[in-house]
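Participant: Before I ask anything, let me first share the structure, which is written out below as structure tokens.
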Amino acid sequence: MKAQVNRRTVDLSGYPDLVVIYLGMRVNALTGLKTLLGFGPKIAKSVEAHPDGLLLHENLVFSLLPPHVGMRQYWRNFESLESWARSEPHRVWWQQFLRDSGGTGFWHEAYFMRGGMEAVYDDIVKGIGFLSFAPVHAARGSRFTARGRVQRPGEPTTPVVVSEDDFYS
């Protein structure tokens, strides 16, 4: 007799503000390999520091050719994620990347327990995720920050890494 599948589920009621975010870095040019490999140890070190609000971090491989790797993270709430993304060491990496993507493209897609989704794609040359089917807009105005894209009320507790004016000037 065949054994039954061990089918389980989870109770997420203790995580009403849960945010799941997928992030990826895709190599666009040969120089991007160095950029991609340089980020691995930095990310590992930042995760080992157990940022406040990070519930789980998982590494993913999206493709080998072209190299496209990433992660899935579960955050207690948007404020924890936003605060971490705007603080050291992430702040420094993001400022460097926005000056020069180093032959790579970066993207993230975020999904919110209370509803809503948002995404951004920087130097992504081939459609992936939402970019493959949804209307595409410049990341300007309310679309410049994750908070604006998901129409999150309130003010952030930390300043943006790079202002919209500085980025586009």
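Participant: Listed residues V61, V69; which is buried (at least 17 other Cβ atoms within 10 Å of the Cβ), of a type in the set (V, I, T) and in a strand (DSSP E or B)?
Facilitator: Details: V61 fails: buried (at least 17 other Cβ atoms within 10 Å of the Cβ).
After applying the criteria, what remains is V69.
Participant: If you take just the helices (runs of 4 or more DSSP H) that sit entirely in region 72-155, which of them hold at least 2 residues that are more than 27 Å from P16 (Cβ to Cβ)? Let's see the steps before the verdict.
Facilitator: Numbers: elements: 78-85, 90-99, 146-149.
By residue number, 90-99.
Participant: Still on this model: So in region 102-130, with the set limited to residues that are of a type in the set (S, T, Y) and crowded, with 16+ Cβ neighbours inside 10 Å, which one is nearest to E164 (Cα to Cα)? Don't jump to the end; show me each part of the working.
Facilitator: Of the residues in region 102-130, the ones of a type in the set (S, T, Y) are 104, 111, 121.
Checking the rest, the ones that are also crowded, with 16+ Cβ neighbours inside 10 Å come to 104, 121.
Values: T104: 21, Y121: 15 Å.
Result: Y121.
Participant: Of the residues R8, R76, R99, which is basic (K, R) and within 24 Å of F167 (Cα to Cα)? Reasoning before the result, please.
Facilitator: Numbers: R8 fails: within 24 Å of F167 (Cα to Cα); R76 fails: within 24 Å of F167 (Cα to Cα).
Going through R8, R76, R99 in turn, the sole match is R99.
Quick grid of which residues meet (1) basic (K, R); (2) within 22 Å of A119 (Cβ to Cβ); (3) at pLDDT 95 or above; (4) in contact with an Asp or Glu (Cβ under 9 Å, 6 or more places away or on another chain):
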residue: G32; (1), (2), (3), (4): no, yes, yes, no
residue: H50; (1), (2), (3), (4): no, no, no, no
residue: F62; (1), (2), (3), (4): no, yes, yes, no
residue: M71; (1), (2), (3), (4): no, yes, yes, yes
residue: W93; (1), (2), (3), (4): no, yes, no, no
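The values are calculated or read from the model by the stated rules, or taken from the named source; none is laboratory data. Everything quoted here is computed from the prediction, not taken from an experiment. Here the Cβ is made from the backbone with ideal geometry for all residues, glycine too, and neighbour counts use every protein chain on show.
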